[in-house]
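What follows is a set of notes on a single structure, which appears directly below.
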Ligand SMILES: Nc1ncnc2c1ncn2[C@@H]1O[C@H](COP(=O)(O)OP(=O)(O)OP(=O)(O)O)[C@@H](O)[C@H]1O
């Protein structure tokens with residue numbers, strides 16, 4: 001197995017005087033899920049098109065499974081493209097074909113025999129939870145089901161890398177979660193490497209192990225997601241993505257809060273708790289095992305669907321290294337927002 005499935009080195013792409021990709025370097029290990037986030041126009045889609053060889057770089061290079069695709073002739077590029085599956089925001093399914101017909105199309109184009117195609121389609125329909133839907137038309141399916149077909153089609157040629165371009169942006173929150181969970185399962189079951197492009201931090205938070213933040217064509221943050229969620233983000237754009245979706249804190253707390261601990265201070269934390277898992281018991285463990293009370297300052301349901309997540313901001317009654325270690329382990333997305341006086 002190639003350790004670094006993907007290496008982007010100093011990739012630059014200009015459109016006239018506009019630099020859409022500005023000296024971008026990224027490495028991606030096999031089996032990783034990387035989330036790329038950025039505002040509109042940041043260069044995410046351009047990067048994706050360059051990875052797929054649909055767009056050429058002006059300078060720099062891109063290596064996929066150690067093959068430099070920037071110098072490959074079109075004929076060999078076609079072979080590399082077969083190693084890459086694409087999932088689109090608007091599914092891009094053909095209504096003139098059945099579900100099975102859509103999924104098998106890449107294999108048909110590649111000349112695979114009929115029985116092989118059929119067997120592969122059946123296998124994939126099972127994988128994406130659509131067994132029994134083979135003969136339907138895309139128009140008979142819900143948005144989430146259409147995206148499941150899109151994912152099955154992307155997987156049909158057994159790719160090494162799956163590129164998802166805003167794959168959940170056209171879906172409601174509940175369906176978004178089910179599609180993200182499906183991608184996560186596929187990553188675990190098949191060891192498939194996935195790149196997700198998104199505008200939403202919740203998407204990254206849900207499944208990406210690593211986050212790449214782009215701004216004005218540049219990579220401004222490349223870090224483990226858990227670290228960024230813990231507050232390690234350096235760049236203002238990352239902060240904006242993190243805070244754009246946060247629960248507003250009471251003004252009284254904002255006025256008192258300081259970024260660093262001071263004498264007599266207690267931490268204010270943001271926790272995302274998955275109500276169906278042991279997450280929900282974190283606060284009672286904190287009280288019973290560590291003798292620390294958590295006063296709820298504000299809360300909201302962060303995501304709907306089968307797995308409900310509650311995002312809450314709490315002020316602890318005290319803290320020490322053991323308490324913070326427990327919280328970091330129990331809730332990797334925990335974020336220390338700042339410190340306030342204990343009697344506030
Ligand atoms: N073919 C093109 N010709 C000219 N300019 C382009 C072309 N493709 C992209 N651009 C410009 O490059 C910049 C980056 O665009 P890109 O589509 O990669 O951004 P993005 O981060 O994917 O944005 P969005 O989230 O809105 O899709 C933008 O300013 C865009 O206008």
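Each reported figure results from applying straightforward, stated rules to the coordinates on display, with no laboratory input. Remember, it's a predicted structure, so these values are computed and weren't measured experimentally. Don't worry about glycine lacking a Cβ; one is built from the backbone with ideal geometry, like all the others, and counts go over all protein chains shown.
Working out 0.36 nm times the residue gap between residue 342 and residue 158, then minus their Cα-Cα distance, what length gain in nm do you get to one decimal? Before the final figure, lay out each step's value.
Values: separation 184, 0.36 × 184 = 66.24 nm, distance 5.61 nm.
Working it through step by step, the gained length comes to 60.6 nm.
For the stretch 1-76, what does the alpha-carbon gyration tensor say about shape, rounded, prolate or oblate, given a ≥ b ≥ c as the root eigenvalues, a/c under 1.5 as rounded, and a/b over b/c as prolate? Oblate, since a/c reaches 1.5 and b/c is not below a/b.
By the count of other C-beta atoms within 10 Å, a proxy for reagent exposure, 290, 339 are ordered fewest to most as 290, 339.
Ignoring everything except DSSP H segments at least 4 long, calculate the 222 nm mean residue ellipticity for the chain; use -39,500 (n - 2.57) per segment, divide by total residues, nearest 500. Present the calculation step by step, with values, prior to reporting the outcome.
On the way: 11 runs with 113 residues, N = 344.
Helix contribution divided over all residues of the chain: -9500 deg cm²/dmol.
Paramagnetic label reach from residue 234 (point 7 Å along Cα→Cβ; backbone nitrogen cut-off under 16 Å): within the stretch 16-57, residues 24-27. Centre-to-centre, using Cα atoms only, the stretch 78-113 and the stretch 40-76 are separated by 21 Å. Taking all Cα pairs closer than 8 Å and separated by 6 or more residues, the relative contact order of the stretch 38-176 comes to 32 percent. Looking at the P(r) of the stretch 177-238, how many percent of alpha-carbon pairs lie beyond 18 Å? In whole percent, the share of Cα-Cα pairs in the stretch 177-238 beyond 18 Å is 37.
Order by neighbour count: 188, 61, 218, fewest other Cβ atoms within 10 Å first, most last. Don't skip to the answer; put the middle values down first.
Values: 188 11, 61 14, 218 17.
Arranged by neighbour count, lowest to highest, 188, 61, 218 become 188, 61, 218.
Label-to-label distance, residue 76 versus residue 289, with points set 7 angstrom from Cα along the beta-carbon direction: 5.5 nm.
Here the label points at residue 281 and residue 142, each 7 Å from Cα along the C-beta direction, are separated by 3.2 nm in the simple model.
For a quick check: sort 312, 50, 298 by the number of other beta carbons within 10 angstrom, fewest at the front. Let's see the in-between values first.
Numbers: 312 18, 50 24, 298 15.
Ascending Cβ contact count within 10 Å gives the list 298, 312, 50.
For the chain, modelled as a GNM whose springs connect Cα atoms under 10 angstrom apart, the maximal fluctuation among 329, 227, 147 occurs at 329. When the square roots of the Cα gyration tensor eigenvalues are ordered a ≥ b ≥ c, the ratio a/c for the chain is 1.5 or more and a/b exceeds b/c, which makes its shape prolate. Note on residue 326 and residue 227: the model spin-label points, each 7 Å out from Cα along the C-beta direction, lie 2.7 nm apart.
Once you sort the root eigenvalues of the Cα gyration tensor of the stretch 75-170 as a ≥ b ≥ c, which label holds: rounded (a/c under 1.5), prolate (a/b larger than b/c) or oblate (the other case)? Taking the square roots of the gyration eigenvalues as a ≥ b ≥ c, the stretch 75-170 is oblate.
Would you please put 6-15, 192-201 in order of how densely packed they are, using the mean number of other Cβ atoms within 10 angstrom per residue and starting with the highest? Provide the component values of the computation, followed by the final result.
Numbers: 6-15: 18.1, 192-201: 22.5.
Result, highest mean Cβ count within 10 Å first: 192-201, 6-15.
Please work out the FRET efficiency for the pair residue 105 and residue 40, using the Cβ-Cβ distance as r and a Förster radius of 35 Å; give the result to the nearest 0.05.
0.70
Note on residue 300 and residue 317: the extension gain reaches 4.0 nm, defined as 0.36 nm multiplied by sequence separation minus the Cα-Cα distance.
With both partners inside the chain, how many of the DSSP beta bridges are antiparallel, as a percent to the nearest 5? If we restrict to bridges inside the chain, about 70 percent are antiparallel. Spatial offset of the stretch 1-22 relative to the stretch 136-188 amounts to 26 Å, using the alpha carbon center of each.
Based on C-alpha pairs under 8 angstrom that are at least 6 apart in sequence, the chain has a relative contact order of 18 percent.
Among 215, 320, 185, the residue with the largest mean-square fluctuation in a Gaussian network model of the chain, with springs joining Cα atoms closer than 10 Å, is 320.
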